[in-house]
Structure formats: C-alpha cells, structure tokens
1. Restricting region B:1-31 to residues that are more than 20 Å from the chain's Cα centre (by Cα) and not small (Gly, Ala, Ser), which is farthest from B:Lys67 (Cα to Cα)?
2. Taking the stated definitions as given, is B:Ala37 over 15 Å from the mean Cα position of the chain (by Cα), closer than 30 Å to A:Ala101 by Cβ and not hydroxyl-bearing (Ser, Thr, Tyr)?
3. I'd like to check something: does region A:55-68 contain any residue that is in contact with a Ser or Thr (Cβ under 6 Å, 6 or more places away or on another chain) and either assigned to a helix (DSSP H, G or I) or of a type outside the set (Lys, Arg) (or both)?
4. I'm checking my understanding of the structure. Among residues of region B:14-41 that are within 14 Å of chain A (Cβ to nearest Cβ) and crowded, with 21+ Cβ neighbours inside 10 Å, which one is nearest to B:Lys76 (Cα to Cα)?
5. Mind listing whichever residues of region B:53-69 are farther than 19 Å from B:Ser10 by Cα and surrounded by 13 or more Cβ atoms within 10 Å (Cβ to Cβ)?
6. Condition first: touching a residue at least 24 places away in the same chain (Cβ under 8 Å) and aliphatic (A, V, I, L, M). Now tell me which residues in region B:1-39 satisfy that.
7. Quick one: in region B:79-107, which of the residues that are of a type in the set (S, T, N, Q) and either under 17 Å from the mean Cα position of the chain (by Cα) or closer than 22 Å to B:Ile28 by Cα (or both) is surrounded by the fewest Cβ atoms within 10 Å (Cβ to Cβ)?
8. Report, by residue number, each residue of region A:62-110 that is surrounded by 14 or more Cβ atoms within 10 Å (Cβ to Cβ) and more than 13 Å from chain B (Cβ to nearest Cβ).
Amino acid sequence: MKIDSIFSQLPQSQSVTGSQSTGVTSSLSGSSSAGSSGTSFGETLKDAVKNVSDLQNGADDMANKLATGEPVEIHQAMLAMQKASMALQFTVQVRNKVLDAYQEIMRMQV
Amino acid sequence: MGNFSSIDISASGLFAQRARLDAIANNIANANTTRTAKGGPYRRQEVLLRAVSGDAGSGSGGVAVDKVVESTDPPKMVYEPGNPDADSAGYVAMPNVNPVQEMVDMITATRAYEANIQAVNAARTMASKALEIGKG
C-alpha cells in the first residue's frame, strides 16, 4: 500500500528537521557543518503530500465506484476514506510541527 | 510494519465475514431448491477460513477464504408424492439447510463483522492519539 511509504517518509522528514536544528545549533556553536545530506525537506514534503493525494484519489475512486454500482465492498470504500483522512491528519500534523520550528527560528532576535 | 497494517488485517476479517454471510444468504435462499446444475437438491455451503501466515506485529497476517465446501449431510427426505422431483416412493430430497442453524451462523457472522469494525476503530483511535503526542 502506498500509505506505508508516506509513513516511511515522515520519520525521515522529522529527522531532516531534527538535523537542521542541530545544524543550526552546531553552526551557532562554531562548527562548520550545517544542513544535512539526503533528500531535502521540500522533496520529502512533496512526496508525502503526493502520497496523501494518491490515497485521497483512491478513496474518491472507491466512492465513485460504490455510487455507480460497481462491485466494491462498502467496507473497502470506507477503509480507503479512513486511511486517506488519517494520512491527511498525519501530514497536517507534521506540517504544523515544521511551521512551528520555522516560526521559532524567525522569532530569533538578531 | 506499516501504520495501517492492523486496518488491512481487519479489512481481511471484514471480507471473510462478508463471504460467510454470502454463503448463509445463499443457503437461506436455496432452502427449498430441489434442482441444481449437478443434479439433486441444493447442498448447504460452508466457508472455510484460513489464517494468512505472518506473525503479529510483522505487518502481515489476516484471514482469507480458503474455499467454500458443500455440506455432506444427507438431504431431508420429505414425503410429497405430487412433486415432480419425488422419487418412486413419493419422497422429495430437500436441501440439508437448517434455517435455525443459518440464523445462528448469521448472528455470529454479524457479530464478528462488528468486532472487526471495532478493531479498525481502535487502530484509528490509536493513530489519532499518537498525533496528540506533544500537544498541550
């Protein structure tokens, strides 16, 4: 299922934000290393959003099939919708965290 | 182990119970059927379920419909000399479907379906609780 890949992405995104913050602290403390190797946060978020979008499309598709009388089990459609909604909630939560981190940095006195 | 693995497992359970209900509906619908493609009266169908291999927590597992078997119980012999399907002694072989047993099976299938839905809801609650980590 594609949803698994979003969740495998998300810890990555957390570690990206985590390593960014350590990058900031380490550059504050005078170290030269900043930022991290690996996929950029933008890419990760894009992938995550794409996966959520895929799930939503799948759920839409299921609902359509159900409405047009194609042989789809009701519980399959409901579960697809539920998964899509959970994935969306998860992504929104990660986005909130990232935005919080960003705003925290932006509030820094210069 | 994906975050939705328990939901997928419950989905297989929901599917299995639907299959059982299909068989029960078929049995009740054919409770008086004396003619089948294979000849003879309808025989009660039963769904055999098989566990999908996989350790709990590994992300796999679930249940699958192994096969649908026909009951080997002897047909009910009903004395109905006027029936075109009656044998020389006047007995008609009626399906070996017991409506009481079908009703009880229907109850267990319905309740098992509900139990699987409860498991889905529990998984969903756990996931949304996990999203509350660090809140407030």
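Computed from the coordinates by the stated procedures, all read-outs in this text should not be read as laboratory data. Just so you know, these numbers come straight off a predicted model, no measurement behind them. Backbone-built Cβ (ideal geometry, glycine too); neighbour counts: all protein chains shown.
1. Just the residues of region B:1-31 that are more than 20 Å from the chain's Cα centre (by Cα), to begin with: B:1-6.
Filter once more, so that each one left must be not small (Gly, Ala, Ser): B:1, B:3-4.
Working: B:Met1: 28, B:Asn3: 30, B:Phe4: 27 Å.
Filtering first and then ranking leaves B:Asn3.
2. Details: over 15 Å from the mean Cα position of the chain (by Cα): yes; closer than 30 Å to A:Ala101 by Cβ: no; not hydroxyl-bearing (Ser, Thr, Tyr): yes.
No: the conditions fail for B:Ala37.
3. Looking only at region A:55-68, we keep the residues that are in contact with a Ser or Thr (Cβ under 6 Å, 6 or more places away or on another chain), and these are none.
No - not one qualifying residue is present in region A:55-68.
4. Our first condition is that a residue be within 14 Å of chain A (Cβ to nearest Cβ); within region B:14-41, this holds for B:14-22.
Pick out the ones that are also crowded, with 21+ Cβ neighbours inside 10 Å and you get B:14, B:16-17, B:20.
Working: B:Leu14: 33, B:Ala16: 29, B:Gln17: 28, B:Arg20: 23 Å.
Among them, the one singled out is B:Arg20.
5. Hits for region B:53-69 are B:Val68, B:Val69.
6. Of everything in region B:1-39, those that are touching a residue at least 24 places away in the same chain (Cβ under 8 Å) and aliphatic (A, V, I, L, M) turn out to be B:Met1, B:Ile7, B:Ile9, B:Ala11, B:Leu14, B:Ala16, B:Ala19, B:Leu21, B:Ala23, B:Ile24, B:Ile28, B:Ala31.
7. Initially, region B:79-107 is screened for residues of a type in the set (S, T, N, Q), giving B:83, B:88, B:96, B:98, B:101.
Those left that are additionally either under 17 Å from the mean Cα position of the chain (by Cα) or closer than 22 Å to B:Ile28 by Cα (or both): B:83, B:96, B:98, B:101.
Details: B:Asn83: 14, B:Asn96: 18, B:Asn98: 16, B:Gln101: 12.
Only one residue tops the list, namely B:Gln101.
8. If the condition is that a residue be surrounded by 14 or more Cβ atoms within 10 Å (Cβ to Cβ) and more than 13 Å from chain B (Cβ to nearest Cβ), then A:Ala63, A:Lys65, A:Leu66, A:Val98 are the ones that fit.
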